[in-house]
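The values are calculated or read from the model by the stated rules, or taken from the named source; none is laboratory data. Fair warning: this is a prediction, and the values are worked out from it, not measured in the lab. In this analysis, Cβ positions are derived from the backbone assuming ideal geometry, glycine residues included, and neighbour counts consider all displayed protein chains.
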Amino acid sequence: MKIIHLNPVAADTENIRPYGTMIDEQIGPERMPIPFYDHVDEGTNIPFEYTGKALLRTARIHPSDNSIVWMERHVRMTQFFVGLGESPFGLVLATPSATSMTTIFDIESLRFFVFRPGTGVLLHKGTWHDFPLAIDRPVTCLTGNSDEVVRALVSVATPREMNEGDVFKVHLPTRLNLTLVAQPA
């Protein structure tokens with residue numbers, strides 16, 4: 001079994017660009033012309049895309065050994081994760097691959113990003129990822145998902161590879177004889 005150790009990289013607007021769009025306190029260069037509240041700068045719309053019904057939910061993530069054995073992607077959705085509260089979170093990402101639901105990610109593009117508290121990312125369609133990781137204490141993330149994806153994931157009785165409901169999920173040890181380890185931040 002090959003093990004790849006991924007060192008933490010502090011996520012910022014520039015280094016996250018190949019994987020998605022940084023979500024932070026910046027509101028973008030454009031302002032929405034809504035005249036009702038002169039004390040509010042209305043920012044740029046976040047281009048969240050999905051198929052069917054949107055689902056916004058929270059997940060509480062606890063510290064683990066940071067081993068990644070699953071990676072997945074969605075080609076009809078721009079999923080997002082935003083950390084709530086005062087805890088950072090991590091996310092192992094690989095750049096989007098072709099829209100074929102059988103193409104695996106480029107191993108060279110793997111990165112372990114650490115997001116400051118109160119920030120997050122809107123993933124490009126096709127960006128490979130696993131679920132966020134708690135860095136040093138539990139963290140709650142707000143996730144933007146589609147009903148299609150959540151229904152597919154919930155329908156599985158035991159963990160297995162998937163290629164249904166806009167979820168292409170692969171088991172790294174089986175598929176690539178590989179485990180990823182996100183090094184502590």
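For THR103, all conditions in the list (1) closer than 26 Å to ASP12 by Cβ; (2) assigned to a loop (DSSP other than H, G, I, E, B); (3) touching a Ser or Thr at 6+ places or on another chain (Cβ under 6 Å) hold save one; what is the number of the exception?
(1)
Step by step: first the residues of region 124-149, then only those that are acidic (Asp, Glu) and out of contact with any Lys or Arg (no Cβ under 6 Å at 6 or more places or on another chain), then the one that is surrounded by the fewest Cβ atoms within 10 Å (Cβ to Cβ). Which residue is that?
Selected residue: ASP136.
Since THR143 meets every condition but one in (1) part of a loop (DSSP other than H, G, I, E, B); (2) polar (S, T, N, Q); (3) closer than 20 Å to GLU49 by Cα, which condition does it not meet?
Just one mismatch for THR143, condition (1).
Would a scan of region 20-39 turn up a residue that is surrounded by 11 or more Cβ atoms within 10 Å (Cβ to Cβ), among the small types (Gly, Ala, Ser) and under 26 Å from ARG73 (Cα atoms)?
Step one: list which residues in region 20-39 are surrounded by 11 or more Cβ atoms within 10 Å (Cβ to Cβ), which gives 20-24, 26-28, 31-32.
If we keep only those that are among the small types (Gly, Ala, Ser) too, we end up with 20, 28.
If we keep only those that are under 26 Å from ARG73 (Cα atoms) too, we end up with 20.
Scanning region 20-39, I find at least one residue that is surrounded by 11 or more Cβ atoms within 10 Å (Cβ to Cβ), among the small types (Gly, Ala, Ser) and under 26 Å from ARG73 (Cα atoms), so the answer is yes.
Please determine whether any residue of region 46-62 is without any contact (Cβ under 8 Å) to a residue 60 or more places away in the chain and either more than 23 Å from MET162 (Cβ to Cβ) or surrounded by 13 or more Cβ atoms within 10 Å (Cβ to Cβ) (or both). It would help to see each step written out before you state the result.
If we filter region 46-62 for residues that are without any contact (Cβ under 8 Å) to a residue 60 or more places away in the chain, which is where we start, we get none.
Scanning region 46-62, I find no residue that is without any contact (Cβ under 8 Å) to a residue 60 or more places away in the chain and either more than 23 Å from MET162 (Cβ to Cβ) or surrounded by 13 or more Cβ atoms within 10 Å (Cβ to Cβ) (or both), so the answer is no.
Do the conditions hold for GLU108, that is, is it more than 14 Å from the chain's Cα centre (by Cα), outside any loop (DSSP other than H, G, I, E, B) and more than 17 Å from ASN145 (Cβ to Cβ)? Show your work before the answer.
Details: more than 14 Å from the chain's Cα centre (by Cα): yes; outside any loop (DSSP other than H, G, I, E, B): yes; more than 17 Å from ASN145 (Cβ to Cβ): yes.
So GLU108 passes the test.
Of all residues in region 1-45 being touching a residue at least 60 places away in the same chain (Cβ under 8 Å) and of a type in the set (D, E, K, R), which is farthest from ASN66 (Cα to Cα)? Lay out the reasoning, then the answer.
Residues of region 1-45 that are touching a residue at least 60 places away in the same chain (Cβ under 8 Å), as a first pass: 1-11, 15-16, 18-25.
Then keep just the ones that are of a type in the set (D, E, K, R); that gives 2, 24-25.
Working: LYS2: 16, ASP24: 24, GLU25: 28 Å.
Residue satisfying both the conditions and the ranking: GLU25.
Would you check if there is a residue in region 160-178 being polar (S, T, N, Q) and under 19 Å from GLU49 (Cα atoms)? Show your work before the answer.
Step one: filter region 160-178 for residues polar (S, T, N, Q), giving 163, 174, 177.
Those left that are additionally under 19 Å from GLU49 (Cα atoms): none.
Checked region 160-178: no residue is polar (S, T, N, Q) and under 19 Å from GLU49 (Cα atoms).
What tally of residues in region 148-185 results from selecting those that are over 19 Å from VAL75 (Cα atoms) and either assigned to a loop (DSSP other than H, G, I, E, B) or not β-branched (Val, Ile, Thr) (or both)?
17
Looking only at region 97-121, how many residues end up being modelled with pLDDT of 95 or more and among the aliphatic types (A, V, I, L, M)?
Adding up the residues that qualify gives 3.
Please work out which residue is farthest from SER64 (Cα to Cα), limiting yourself to region 106-123 and to residues that are of a type outside the set (Val, Ile, Thr) and surrounded by 22 or more Cβ atoms within 10 Å (Cβ to Cβ). Steps first, answer last, please.
Step one: filter region 106-123 for residues of a type outside the set (Val, Ile, Thr), giving 106, 108-113, 115-118, 120, 122-123.
If we keep only those that are surrounded by 22 or more Cβ atoms within 10 Å (Cβ to Cβ) as well, we get 112-113, 115, 120, 123.
Working: PHE112: 15, PHE113: 16, PHE115: 17, GLY120: 20, LEU123: 23 Å.
In this case the residue turns out to be LEU123.
LEU176: crowded, with 20+ Cβ neighbours inside 10 Å and in contact (Cβ under 8 Å) with a residue 40 or more places away in the chain, yes or no? Spell out the reasoning first.
Numbers: crowded, with 20+ Cβ neighbours inside 10 Å: no; in contact (Cβ under 8 Å) with a residue 40 or more places away in the chain: yes.
Judged against the criteria, LEU176 is not a match.
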